[in-house]
Amino acid sequence: MTVTQRLTMAHFRTPIFNDWCPGCGDFGILSSIQMALAELQIEPHRVAVFSGIGCSSKTPHYINAYGIHTVHGRPLPFALAAKLANPDLTVLAVGGDGDGLGIGAGHFVNTGRRNIDITYILFDNGVYGLTKGQASPTLRRGLKTKALPRPNINDAVNPIALAIVSGYTFVARGYAYDTRHLKELIKQGILHRGTSFIQVLQPCPTYNDLFTKEWYAGEDRIDPQTNKPMPRIYKLEETGYDGEVKNPSEEEEIAKITEAIKKSYDWGDRIPIGVFYKNPHVPTYDQRIATIAPQYLQSAPAWQPVRSKSLRPVADVSSLFDELRVKP
Amino acid sequence: MHEPKKKFVFSWMIGGAQGSGVDSSANLFAYSIASAGYYVFGKREYYSNIKGEHSYFNVVASDSQVRSTVDNVHLLASFDAETVFRHAWEVEEGGGIVFDATLENERLRNIPTIEERVKEDIAQRLKNDSLGETLGDVLESARRRGVRLYPIPYMDLIKKTGEILGEKQLTLLMRMVNTMAVAASFAIIGADINRLHRGLSYAFRAKRAVVDMNFTACKVVYDYFKSNFPDDFPIRVPNRQLSEDLILVNGTTIVGIAKIVAGCRVQTYYPITPAADESVYLEDKQVFSLNATSDGDEYEYPHLAENKELSDKGHILVFQSEDELAAIDMAIGASLAGVRAATSTSGPGFSLMVEGLGWAGMNEVPVVITIYQRGGPSTGLPTRHEQGDLLFTVFAGHGEIPRIVMASGDMLEAFYDTIKAFNYAEKFQVPVVHLLDKSLANSTHTIPVPALDDVLLDRGLLINEHLDGKTYKRFQFTETGISPRVPLGTRGGIFWNTGDEHDELGHISEDPIIRTKMMDKRMSKLQVIRESIPPNEKVAIYGDSDAKDWIVSWGSTKGPILDALEMLEEEGYSSIGFMQFKILYPFPSELALETLQGARRIIDVEQNYSGQMGKLMAMEAGLRPTNLVVKYNGRPFTSTEVRDGLKEVLSRNIKRIVMNRGG
Ligand SMILES: Cc1ncc(C[n+]2csc(CCOP(=O)(O)OP(=O)(O)O)c2C)c(N)n1
Ligand code: SF4
Ligand SMILES: [Mg+2]
């Protein structure tokens, strides 16, 4: 079958009842993913979406594509292996901030070391939504969201900085209610050859009463001149910021990394979204495997024949036996 | 009267500090003796340490199949003092000790790596013989017992070798001291020195220059022996003809090869002893040839490979993950993509894998988990042997999932079982735990080259085509509980998976009716498994099938038990049967009942504290072992030890015997 029909967002919808709370930021992220896939015209069966556990991790059930809702904190290992097994797949991993940076932090860091060509979207709402609002690893110290009995005494991790130092080669931030912008980031992430990380600021109207849609929109700060709210969120690209490494030199790489990390600490009245860092020059994992076994690019695990039509194994191990053979 | 020909058994041991080449010298010896026409079984013992602690290797050579080691040593080869202090006591009358002639004045108390308890033990033995505490005293004690002593001036011989080779670098030459200990052993038993050349190529993997250098050293030692010692050692090991085509292999290697045959194309692991060797071997051999297609039999290409120009080689991707949580999840992820995938670990790693196991069970994903058990609990005895994880693997996980737990008794079984594990996993769409252990992992054994004529790969209900226009339900309710499965990427095959309870499409469902149906679907596969796996894949029966007394066991105890049974038969014991359980879960209760119901004794032989399989059998089949022979000191059973334990049970009907041999 060839693509005869133009794919639209509708092709990526499922008829499943979506049980997120009304007004949840997750809806915007879901639409952005669906729009991105439709605009890239990737057939649904070529897409596999992996998630962990949490409100956000229900996402795959709402997308008409292979949807693998895994274990808390583990979408990345599942996703990475599927991509390595069949590089033809477009692989997305999605999950919450607790999922990715709490219980899954080890996988988050190690995924950065490999540059496998997947896109990871982190739904950052500052809380553990599905377990009723406990503090997540991105909630800042001293803050007390609705469900916390006491202010948070842990420091927050900085997901953008952590992704960059872990080695992710495309690092961006989006905002759940700016779906056009987020959709573009997701498209860029998918098209980027290597591991892409997109942190999405996601209001949780039910448990996070601090970082609300209104707060991001700056409704608490009215510009006395225009009498309009002054939004906290701004787009990096509109300020002339360019986080892309243009030439593969260590100096430029380090300069971009440092600049991006510095930017990632902006918070409060000026919150940047957009691409913080991008380095297309780092070899992807499949290229690295190919330096040892060029066969991999031609014959990925899922493409190889393992048996004959009469069910016999096709691997020839006679030379391996020969190395061990007892010869008089 | 016709005397049955007594089995020829020669027990050789070499020891030394870890990092000093004990392993390669043992491989050298084992291969060379095998090459001279003998069956061998070698056991490796080592500390969880890289350099300095004591390790040793015991190799038994025989004129017929041998499957375990024995307690006594005929010839001990050493090049350090510690080996002699520790093992001289195991050398039997008429045997011999090869040692460094310059070490006689070494003092027991000065050896930091011998544990205090062991030192006291040795000191007491020496005191009983009214001797002092030097190495010379240990040797004197041995001499009094009728042990021959072979002092070797290693340093002089090394210098001599250096002169012949024109090599002045002493540190380089010193590395050959272990080879020299092997050559000395060969000279003593009158074995063919030329076989050492073969052994060197095997042990040093064809590094030509190293092989030649070492062979020169062998010749120097050989000549020294011929002119300095009488040629009167009672055990002779002349060349003989082997009637079988054998390989000399260890457990991790044979399982690795089997995985390639089985079609495993993704193997994940996080380094752990004693499992990691398997993955490292696979990584080394990741590219392999494919058989030429024979007449009328073509490759079955995955539909995902349509329009692709594939390589004419095969490739297995070996992935070292960040932890075992990821290792199992990655194997599952690859399996979802239609790949036969496995992960390999030991107890501590499997503890972390339990959540992934549960998810695989819930989502009916075939995955093979190879476990090389080691001494537990916790970090336990990282480099030592135990069969302590049976009940853990059978019950691991919250809630209930179907699974298969299987165990291999020896290397040849491990080979075929590995292939079966993948077949079972795909046929029944369940996780399969394949239990092996440290003894299998690290022993070397001569086994027949595995024949592949009967090996078939059963991929069950894996759909190998795109499904245009059909509605596909991954968890469709079926008669057997098993539903057709498609790999990710299949057109028309979109499905969902979730660790939550789900409907036929794989979407979350908390509907009580669906819940019950889905539980029934998954759990009923256990019955399908019970009915589909043939009896000979579930159990093996040895010895007298009408026996009154039955030994039951599982895993690598098979070797020492079979060897012990041979000995018992020689000693006149009869009517003993041995039932080896190969599929442990679902437990083959019907077969256990069939064989064991009328038994006078059911003697459970296991290498754990509580007799775990006996407990499982009691629970599943209602059959309780009458006697228990257990061992949990971290050292595998020797055949002589099992023999002695069984004799105790048979003669005095002791209920629970704890064996404790081995250094
Ligand atoms: C091993 C494990 N521990 C705990 C839980 C309970 N649990 C479910 S969701 C969740 C947190 C989800 O938070 P996050 O990942 O931020 O996702 P969100 O719900 O906020 O989208 C936790 C702890 C679990 N499912 N598994
Ligand atoms: S709890 Fe928060 S994150 Fe979860 S669905 Fe409701 S609004 Fe969304
Ligand atoms: Mg969250």
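The values are calculated or read from the model by the stated rules, or taken from the named source; none is laboratory data. Because the structure is a prediction, the values reported are computed rather than measured. Backbone-built Cβ (ideal geometry, glycine too); neighbour counts: all protein chains shown. For accessibility, only protein heavy atoms count, side chains too; no ligands or nucleic acids. Shrake-Rupley method; radii C 1.70, N 1.55, O 1.52, S 1.80 Å.
So for region A:127-257, what are the equivalent ellipsoid semi-axes in whole Å, largest first, each being the square root of 5 times an eigenvalue of the Cα gyration tensor? All intermediate terms of the calculation are to be shown ahead of the outcome.
Values: eigenvalues 170, 87, 42 Å².
Its equivalent ellipsoid spans semi-axes of 29, 21, 14 Å.
For region B:30-123, applying the loop criterion from DSSP together with a ceiling of 16 other beta carbons within 10 Å to the trypsin sites (Lys or Arg not before Pro) yields B:K51. The phi torsions of region B:416-422, fed into the Karplus equation with coefficients 6.51, -1.76 and 1.60 and a -60° offset, translate into couplings of 5, 5, 4, 5, 4, 4, 5 Hz, rounded to whole numbers, with Gly and Pro shown as x. Using C-alpha pairs below 8 Å separated by at least 6 residues, the relative contact order for chain B is 12 percent.
Gyration tensor over the Cα atoms of region A:9-290: the corresponding equivalent ellipsoid has semi-axes (square roots of 5 times the eigenvalues, largest first) of 27, 23, 19 Å. Please go through the residue pairs B:K438/B:K631; B:K538/B:K647; B:K427/B:K538; B:K51/B:K438; B:K285/B:K438 and name each one whose alpha carbons sit more than 18 Å apart in this structure. Checking Cα-Cα distances, B:K538/B:K647; B:K51/B:K438; B:K285/B:K438 exceed 18 Å.
Mean separation of Cα pairs under 8 Å and 6 or more residues apart, divided by the residue count, gives region B:246-533 a relative contact order of 20 percent.
Between the alpha-carbon centres of region B:146-197 and region B:256-276 there is a gap of 37 Å. In whole angstrom, the protein assembly as shown maps to an equivalent ellipsoid with semi-axes of 58, 33, 27, each derived as √(5λ) from the alpha carbon gyration tensor and ordered largest first.
Summed over the residues of chain A and divided among them, the accessible surface reaches 40 Å² per residue at a probe radius of 1.4 Å. Counting only heavy atoms of the protein chains and using a 1.4 Å probe, A:M35 has close to 40 Å² of accessible surface. When the protein assembly as shown is described by a simple charge dipole with +1 on each Lys and Arg Cβ and -1 on each Asp and Glu Cβ, the residue from B:L456, B:A275, B:F350 located farthest towards its positive end is B:F350.
Taking a straight line from the alpha carbon of B:K226, these lysines sit under 29 Å away, with near neighbours fewer than eight places off in the same chain left out: A:K327, B:K7, B:K159, B:K160, B:K168, B:K207.
Toward the positive end of the charge dipole of the protein assembly as shown, with +1 on the Cβ of Lys and Arg and -1 on the Cβ of Asp and Glu, the farthest Cα among B:G361, A:I190, B:F99 is that of A:I190. Give me the one-decimal Kirkwood hydrodynamic radius in Å for region B:9-228, with the sum taken over alpha-carbon pairs. Roughly 17.5 Å, rounded to one decimal.
Counting only lysines at least 8 places from A:K278 when in the same chain, those with an alpha carbon closer than 19 Å to its own are A:K183, A:K187, A:K235, A:K246, A:K256, A:K262, A:K263. Using all C-alpha to C-alpha distances in region B:535-659, build P(r) with 10 Å bins and read off the rounded percent in each one. P(r) for region B:535-659, in whole percents per bin: 14, 51, 32, 3.
Using the Cβ of B:N194 as centre and a radius below 13 Å, the other residues enclosed give a net charge of +3, where K and R count +1 and D and E count -1.
Summarising the amide proton neighbourhood of B:I657: residues at separation of 5 or more, or on other chains, whose placed amide H is nearer than 5 Å comprise B:L628, B:V629, B:V630.
For the pair B:K6/A:D266, report the inter-label distance in nm, with labels modelled 7 Å from Cα in the Cβ direction. Result for the modelled spin labels: 9.0 nm. Residues in region B:487-497 carry Karplus couplings, in order, of x, 3, x, 7, 5, x, x, 3, 9, 10, 10 Hz; the curve used is 6.51 cos²θ - 1.76 cosθ + 1.60 with θ = phi - 60°, and Gly or Pro positions show x. Here the contact order of region B:9-228, divided by its residue count and restricted to Cα pairs under 8 Å and six or more residues apart, works out to 22 percent.
Going from the isolated chain to the complete set of protein chains, region B:240-279 loses at least 40 Å² of heavy-atom accessible area (1.4 Å probe) at B:I247, B:I257, B:V261, B:R265. With all pairs of different C-alpha atoms in the average, the Kirkwood value for the hydrodynamic radius of chain B is 26.8 Å. Residues A:E250, B:E355, A:E184 ordered from highest to lowest accessible area at a 1.4 Å probe: A:E250, A:E184, B:E355.
Considering all C-alpha pairs of region A:61-219, those separated by over 23 Å amount to 37%. Hull volume per residue, based on the alpha-carbon atoms of region B:246-533 and their convex hull, is 140 Å³.
Couplings 3J(HN,Hα) for region B:510-518, derived from phi with the Karplus relation 6.51 cos²θ - 1.76 cosθ + 1.60 (θ = phi - 60°), are 10, 4, x, 5, 5, 3, 5, 4, 5 Hz, where x marks Gly and Pro. Qualifying chymotrypsin sites (Phe, Trp or Tyr not before Pro) in region A:206-283, where qualification requires a DSSP coil assignment and no more than 14 other C-beta atoms within 10 Å, comprise A:Y265, A:W267. Look at the dipole of region B:9-228 built from charges on Cβ: of B:G199, B:A77, B:H87, the Cα furthest out on the positive end belongs to B:G199.
Computed on protein heavy atoms with a 1.4 Å probe, what is the summed buried accessible area for the chain pair A and B, in Å² to the nearest 100?
Values: alone 16720 and 27720 Å², together 37330 Å².
Buried area (both sides, nearest 100 Å²): 7100 Å².
Placing +1 on each Lys and Arg Cβ and -1 on each Asp and Glu Cβ, with no other charges, gives the protein assembly as shown a dipole about its Cα centre of roughly 740 debye.
Could you order A:V165, B:V528 so the one with the most accessible surface comes first? Probe is 1.4 Å.
Numbers: A:V165 105, B:V528 30 Å².
Largest accessible area first, the list is A:V165, B:V528.
Using the crude model of +1 on Lys and Arg Cβ and -1 on Asp and Glu Cβ, and no other charge, please compute the dipole size for region B:284-394 relative to its Cα centre, in debye to 20. Could the numbers behind the result be given before it?
Working: 6 positive and 16 negative charges, 90 e Å.
The calculated dipole for region B:284-394 is roughly 440 debye.
How large a share of the accessible area of the protein assembly as shown, in percent, is made up of carbon and sulfur atoms when the probe is 1.4 Å and the other protein chains stay in place? Please report the intermediate quantities before stating the final value.
Values: 19130 of 37330 Å².
Here carbon and sulfur together make up 51 percent of the probe-accessible area.
When B:L462, A:L139, B:L352 are compared by accessible area at a 1.4 angstrom probe, the order from most to least is B:L352, B:L462, A:L139. Once Rg and the Kirkwood radius are both taken over the C-alpha atoms of region B:1-135, their ratio Rg/Rh works out to 1.02.
Pull up the DSSP beta bridges for chain B and report the antiparallel fraction as a percent, rounded to 5.
40
DSSP assigns beta bridges within the protein assembly as shown; of those with both partners inside it, close to 35 percent run antiparallel.
Taking Rh as the Kirkwood radius computed over C-alpha pairs, what is the Stokes-Einstein D of region B:481-611 at 20 °C in a medium of viscosity 1.002 mPa s, expressed in µm² per second? Walk me through the numbers before you get to the answer.
Working: Rh = 18.3 Å.
Answer from the Stokes-Einstein relation: 117 µm²/s.
Placing +1 on the Cβ of every Lys and Arg and -1 on the Cβ of every Asp and Glu, with nothing else charged, gives region A:9-290 a dipole about its Cα centre of roughly 540 debye.
Cα gyration tensor of region A:15-84, axes a ≥ b ≥ c as square roots of the eigenvalues: rounded (a/c below 1.5), prolate (a/b > b/c) or oblate? Provide the component values of the computation, followed by the final result.
Values: a/c = 2.00, a/b = 1.11, b/c = 1.80.
It comes out oblate by the Cα gyration axes.
Loop-located trypsin sites (Lys or Arg not before Pro) across region B:533-566 with a Cβ neighbour count of 14 or fewer within 10 Å are B:K548, with loop assigned by DSSP. Entry note, chain B: the mean residue ellipticity at 222 nm calculated from DSSP H runs of n ≥ 4, each adding -39500 (n - 2.57), is -11500 deg cm²/dmol after division by the residues and rounding to the nearest 500.
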